[in-house]
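The values are calculated or read from the model by the stated rules, or taken from the named source; none is laboratory data. Everything numeric here is computed off the predicted structure, so don't read it as measured data.
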Amino acid sequence: MASDRRAESHDLRGLLSGIAGLSELLQEDLRRGETANLRPWLAMVETQIRRLATLVEDLLNLTRVSKGQLVRRSLPLQAVLHEALQALALGKAGQRIDEVSVGELPELNMDGGLMRQVFVNLQSCI
């Protein structure tokens, strides 16, 4: 149980760090009077907030996993990996990020939210 809580805290911290990093970039642009670039940054903040809400929802639904009630549907694994990498990149705004290269991935019957967290957790440990 304690290791589960540590992993959940790590996941939440990653998303919150992404939001904080984007907020810093927004503040820098505002200090310089560069308002033309604000829309894309705000869109990224909104994306991170939606991902945070999804993670919280996934955590709340985790009890269903223990009861064998995963929310499975056919999803392209490539898209799920791409979302996870985007979340990691936003969490490390302004930092160097190692490039990740993978071949073509299949479409799988899976719980997309949980699989995305698997990718985020794996990359965060590297």
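Observations, loosely collected:
- When the criteria are applied in full, Gln69 meets the requirement of being under 14 Å from Gly113 (Cα atoms), at pLDDT below 80 and of a type in the set (S, T, N, Q).
- Scanning region 44-66 for residues that are modelled with pLDDT of 85 or more and small (Gly, Ala, Ser) gives no hits.
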